[in-house]
Amino acid sequence: MKRELAAGAGAVGTGIAAILIVVALMFGFNRVNEYEVAVKRNPVTGAVGAAPHRQGLYHSILRSWTNYSTREIEYPRQGGAETLTALTADQLQIRIDAAYRYRLMPDSVVALYLEIGEPAAVHAFVYNTYRSAVRDAVAEMDAVNILSRDRAEIGTRIEALMAARLTERGIEVTDFFVRELQPPETLRQAIEAKLSREQQVQAEAFQTQVVEEQANQKRAEAAGIRDAQAIIATSLTGVSGQRYLYWRYLESLSEVAAGTNNLVIAPTDGGIPIFLTPGQ
């Protein structure tokens with residue numbers, strides 16, 4: 001009798017274990033990888049676990065799981081492109097092609113689940129924040145400034161606006177960059193005309209500088225000739241000037257005596273000789 005009871009009890013225990021195994025297999029398990037965290041929810045009561053679950057294998061009996069990746073998420077994905085249009089402060093429309101990366105803080109996923117939803121909803125929330133930040137940042141600046149001196153700053157400004165709205169929710173913007181800015185055709189033509197005019201003005205200014213330098217050189221040369229003439233005129237006056245001329249006279253006589261040409265010396269009333277070479 002005892003053996004029969006023991007055998008019956010063993011059979012019941014085996015049956016219960018088998019049932020539990022079948023139930024576990026039916027409901028399955030949820031695996032959380034090392035780059036994920038999971039939020040647990042009771043599908044019957046709707047209660048959500050207060051803390052996220054890290055890497056591990058968790059059963060799904062009376063539990064539903066939502067896994068969130070903690071890796072960086074890039075948008076557009078795989079280097080894709082999406083162009084947004086926005087109005088500047090001066091009511092001109094420009095097109096911006098930008099990209100960003102973000103990641104979730106592991107400890108924030110429970111709040112994100114309760115306030116926003118599953119991973120797809122969180123991604124949509126980040127994307128809408130990006131679109132709003134682009135339009136707000138562009139609206140703060142004039143089109144000409146965005147396309148010239150503030151071109152490098154527009155990306156920084158958009159990233160700052162995104163971070164201000166996402167960080168408090170546990171979403172970190174890890175990178176943001178502007179790939180391309182496309183102005184309206186009329187503005188592009190105006191900018192090109194302005195740059196062309198600036199280059200022309202620079203060329204004209206350089207030519208003016210060249211002319212001024214040439215004029216300064218000519219003035220310097222004229223001043224040198226004037227000073228030289230003044231020095232010569234001063235040296236030929238008075239007793240000293242007469243002595244210089246007589247010295248030149250004697251020197252010329254010496255040259256004539258040494259040469260084969262004849263020289264005629266014609267005196268003048270002022271005492272200054274004139275040297276004449278026959279045949280000239």
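Derivation of every value follows stated rules applied to the coordinates shown; laboratory data play no part. Computed from a predicted structure; not experimentally measured. Quick reminder, even Gly has a Cβ in these numbers, built from the backbone with ideal geometry, and neighbours come from all protein chains shown.
Quick one: if the Förster radius is 45 Å, what FRET efficiency do Gln78 and Glu198 give, using the C-beta to C-beta distance and rounding to 0.05? Walk me through the numbers on the way to the answer.
Details: r = 41 Å, r/R0 = 0.91.
That gives a FRET efficiency of 0.65.
Across the stretch 23-66, the convex hull enclosing all Cα atoms gives 56 Å³ per residue.
If you take all other residues with their beta carbon under 12 Å from the beta carbon of Thr129, and give Lys and Arg +1 and Asp and Glu -1, the sum is +1.
Pair-distance distribution P(r) for the stretch 73-183, from all Cα-Cα distances in 5 Å bins starting at 0: 2, 12, 24, 22, 16, 12, 7, 4, 1 percent.
Taking a point 7 Å out from the Cα of Arg179 in the direction of its Cβ, the residues of the stretch 99-139 whose backbone N falls within less than 12 Å of it are 99-100.
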